[in-house]
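Asks: Quick one: this structure, given as structure tokens, is what I'll be asking you about.
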Amino acid sequence: MYPAAFEYYRATSVPEVVQLLQQHPDGKILAGGHSLLPMMKLRLAEPAALIDIGRVPDLNGIQDAGDSIVVGATTTYWNLLQSDVIRQSLPLITEAANVVGDIQVRNRGTLGGAMAHADPAADMPAVALALDASMKVVGPNGERTIPASEFFVDMFTTALSPDEVLTQIIFPKPQGTSGQAYEKFAHPASGYAVVGVAAFVTLDGGKVQTVRVGITGAGTVAKRASAVEQALAGQEPTEQAIESAAAHAAEGLELNGDIFASEEYRAHLARVFTQRALSRAVAAARG
Amino acid sequence: MKQQITVTVNGVQYTSEVEPRLLLVHYLRDVLNLTGTHVGCDTSQCGACTVIMNGSAVKSCTVLAVQADGAEITTIEGLAKDGQLHPLQEGFWEMHGLQCGFCTPGMIMTAYDLLQKNPNPTEEEIRHGLEGNLCRCTGYQNIVRSIQYAADKMRGAAAAAGGE
């Protein structure tokens, strides 16, 4: 299977990417290509031009910026898995990156690509939501920063404008006593999340101070489970409290249903996996 | 418009003019005539087309040839040295790790990456490592044994080299 013909441009800098995007309104950015190329081979996508950002030097790498960790958009899952600073401060990323696709996909697929593609069943959007990440994007009018909670708009739709490129994903470093966990029910054939839940908690004096839950796969777009968070914040995180908070997991989701998992089943999985993720995050916080 | 690429495959440098939409797997098979790399599903699932690109296993049906410009690539044809099978090839032979053989080149190239990153994997780690490679014949048992055989042999060789 061949993709439809396209013009190919290999960008060497971020300003060049923006310029090429303006010159080619029907163009698409190519990073690792592990979502885009399969779609192009099936002719579900037929961009007139591909702007390859795979060799733009400033876009790759993981930087410890003191109170945050800055990940370049073309950093691969394998790069993330190798990073000690990620494993120590943001083990949620390591845990989730290890269950994305397979070795070959993790070698090529990029964090920025996962964010910008916004597949409703991708793992990393849930992680970005739970870790309160923000997206640095650059366009013709300069750069802006979009919080993850506003970035994922709908199925395959983000807050990025067509002439903007995502350059960095910025993760604040957790402060105080915190715990993180990712729980995924993977589709047995594709490996994508039927439901994936990323949980982040901080504890203060035995009570939940901050709690963020990101859910992917269940709905049309990855979302924070606000009702769960409200129910658990300020509480002592007993098994009972976690269970009753997790019961709200499907609230506010526009549920997906397909031949493999109905809307009702996905709602059930969202509740069960939210409970598991929160329990593990709390246990991790307690050490 | 065609683009010029230069790629080193199994130690030999090639320069070619390719259409941007040409997939790396077709470049290897149809331009360089290296047909050991197989096209299985063509939808990025089965891993039969796996090759090593710049040290890492990739599905060559999901990489454009233009993306491989400047890359070092190893295919199944590049593993045997001086008429000696690579330990992975020997392992698949000795442990009966194949039946029809269609998935085998991809299995071996993925296992090559796996053993590079983790020379002493557990059975579970081998199975997790093979998630991107499908086999319709063997049920995977002997593939896992073949990779264990190769891991043992390669660790032995590394220890012997270290002791010299």
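Asks: So which aspartates and glutamates can A:K173 reach, going by Cα to Cα under 16 Å and dropping same-chain residues fewer than 8 places off?
Replies: A:D64, A:D67, A:D84, A:D132
Asks: I would also like to ask the following. Answer rounded, prolate or oblate for region A:53-103, using the Cα gyration tensor with square roots of eigenvalues a ≥ b ≥ c: rounded when a/c is under 1.5, else prolate when a/b is larger than b/c, else oblate.
Replies: The shape class here is oblate.
Asks: Starting from the Cα gyration tensor of chain A, take the square roots of the eigenvalues, sort them a ≥ b ≥ c, and report rounded, prolate or oblate (rounded when a/c is under 1.5, otherwise prolate if a/b is larger than b/c, else oblate).
Replies: Verdict is prolate for chain A.
Asks: Leaving ligands, DNA and RNA out of it, report the carbon-plus-sulfur percent of the accessible area of region B:3-78 at a 1.4 Å probe.
Replies: After summing per-atom areas, the C and S share lands at 40 percent.
Asks: Compute the signed sum of charges (Lys and Arg +1, Asp and Glu -1) over the other residues within less than 14 Å, Cβ to Cβ, of A:A222.
Replies: Once all neighbours under 14 Å are counted, the net charge is -1.
Asks: How large is the accessible surface per residue of region B:87-159, computed with a 1.4 Å probe and reported in Å² as a whole number?
Replies: 49 Å²
Asks: Let me ask you something else. Could you state how much accessible area is buried at the A-B interface, both sides summed, with a 1.4 Å probe, in Å² to the nearest 100?
Replies: Adding both sides of the contact gives about 2600 Å².
Asks: From the Cα gyration tensor of region A:1-105, with a ≥ b ≥ c the square roots of its eigenvalues, which class applies: rounded if a/c is under 1.5, or else prolate if a/b is larger than b/c, or else oblate?
Replies: oblate
Asks: Mind checking which helices in chain A clear 18 Å along their axis (Cα) and have mean Kyte-Doolittle hydropathy of -1.0 or more, DSSP H runs only?
Replies: Within chain A the helices that satisfy the rule are A:263-286.
Asks: Which value results for Rg/Rh of chain B when Rg is the Cα radius of gyration and Rh the Kirkwood radius based on the inverse mean 1/r?
Replies: We get a ratio of 0.99 for chain B.
Asks: While we're here: Say we join alpha carbon atoms closer than 10 Å with springs in a Gaussian network model of chain A; which of A:G219, A:G142, A:G33 then has the biggest fluctuation?
Replies: A:G142
Asks: Using alpha carbon centroids, what distance separates region A:109-124 and region B:118-160, in Å?
Replies: Between the Cα centre of region A:109-124 and that of region B:118-160, the gap is 30 Å.
Asks: Report the charge-dipole magnitude of region A:180-286 in Debye, nearest 20, computed about the Cα centre from +1 at each Lys and Arg Cβ and -1 at each Asp and Glu Cβ.
Replies: That gives a dipole near 320 debye.
Asks: For peptide B:55-66, how many partner chain Cβ atoms fall within 10 Å of a residue's Cβ, on average?
Replies: 6
Asks: How fast does region A:7-52 diffuse by Stokes-Einstein, in µm²/s, taking the Kirkwood radius from C-alpha pairs at 20 °C and 1.002 mPa s?
Replies: 200 µm²/s
Asks: Now for a separate question. Between A:Q88, A:Q180, A:Q275, find the one with the highest GNM mean-square fluctuation for chain A; connect C-alpha pairs within less than 10 Å.
Replies: With Cα springs under 10 Å in chain A, the top fluctuation among A:Q88, A:Q180, A:Q275 is at A:Q88.
Asks: At 7 Å along Cα-to-Cβ for each site, give me the label-to-label distance between A:D84 and A:D154 in nm.
Replies: 4.7 nm
Asks: Let me ask something else about it. Using Cα pairs under 8 angstrom and six or more residues apart, how large is the relative contact order of chain A, in percent?
Replies: 16 percent
Asks: Let me ask you something else. Computing the accessible area with a 1.4 Å probe over protein heavy atoms, can you report the carbon and sulfur percentage for chain A?
Replies: Exposed carbon and sulfur together represent 48 percent of the surface.
Asks: For A:L50, enumerate residues with amide H under 5 Å from its amide H, sequence gap 5+ or separate chain, H modeled in the peptide plane.
Replies: A:E7, A:Y8, A:Y9, A:K28
Asks: Build a GNM of chain A with springs between Cα atoms under 10 Å: which of A:L80, A:L129, A:L36 gets the top mean-square fluctuation?
Replies: A:L36
Asks: Sticking with this structure for a sec: Check each residue of region A:39-71 and keep those whose accessible area, probe 1.4 Å, is at least 30 Å² smaller with all protein chains in place than in the chain alone; give them in order of residue number.
Replies: At a threshold of 30 Å² (probe 1.4 Å), the residues of region A:39-71 that become less exposed are A:K41, A:R55.
Asks: Select from A:V17, A:S83, A:M40 the residue farthest towards the positive end of the dipole of the protein assembly as shown; place +1 on Cβ of Lys and Arg, -1 on Cβ of Asp and Glu, and compute about the Cα centre.
Replies: Result: A:S83.
Asks: With the contact rule set at Cα under 8 Å and sequence spacing of 6 or more, what percent relative contact order holds for chain B?
Replies: 23 percent
Asks: Multiply the residue separation of A:K173 and A:E254 by 0.36 nm, subtract the distance between their alpha-carbon atoms, and state the gained length in nm to one decimal.
Replies: 26.1 nm
Asks: If you don't mind, another one. Considering Cα pairs under 8 angstrom that are at least six residues apart, work out the relative contact order of region A:152-287 and quote it in whole percent.
Replies: 27 percent
Asks: How about B:K81: which lysines have a C-alpha closer than 19 Å to its C-alpha, ignoring those fewer than 8 places off in the same chain?
Replies: Counting by Cα, and skipping residues close in sequence, B:K81 has these lysines nearby: B:K153.
Asks: In nm, to one decimal, how far is the modelled label at A:E263 from the one at A:D67, with both set 7 Å along Cα→Cβ?
Replies: About 4.3 nm, to one decimal.
Asks: Another question, if that's okay. With θ set to phi - 60° and the Karplus curve 6.51 cos²θ - 1.76 cosθ + 1.60, what are the ³J(HN,Hα) couplings of region A:123-137 in order, to the nearest whole Hz, using x for Gly and Pro?
Replies: Taking θ as phi minus 60°, the curve returns 6, 5, x, 5, 5, 4, 5, 5, 8, 6, 6, 10, 9, 8, 10 Hz for region A:123-137.
Asks: If you don't mind, another one. Just how large is the dipole of chain A about the Cα centre, in debye to the nearest 20, putting +1 at every Lys and Arg Cβ and -1 at every Asp and Glu Cβ?
Replies: 480 debye
Asks: Just to confirm the filter: which trypsin sites (Lys or Arg not before Pro) across region A:11-90 are DSSP coil and have at most 11 other Cβ within 10 angstrom of their Cβ?
Replies: Answer by residue number: A:R43.
Asks: Cα centroid distance between region B:82-110 and region A:145-194, in Å?
Replies: 39 Å
Asks: Could I ask something else about it? Among A:Y2, A:A148, B:S44, whose Cα lies farthest out toward the positive end of the dipole of the protein assembly as shown, if unit charges sit on the beta carbon of Lys, Arg (+1) and Asp, Glu (-1)?
Replies: Highest projection toward the positive end goes to B:S44.
Asks: Now for a different question. Give me the accessible area per residue for chain A, probe 1.4 Å, as a whole number in Å².
Replies: 41 Å²
Asks: What distance in nm lies between label points placed 7 Å from Cα along the C-beta direction at B:E17 and B:C100?
Replies: Using points 7 Å along Cα→Cβ, the separation is 3.9 nm.
The values are calculated or read from the model by the stated rules, or taken from the named source; none is laboratory data. The shown structure was predicted, so the numbers you read here are calculated from the model rather than taken from an experiment. Positions of Cβ are generated from backbone atoms using ideal geometry, with glycine treated the same way; all protein chains shown enter the neighbour counts. Note: accessible area is taken over every heavy atom of the protein model, side chains too, but ligands, DNA and RNA are not part of it. Shrake-Rupley method; radii C 1.70, N 1.55, O 1.52, S 1.80 Å.
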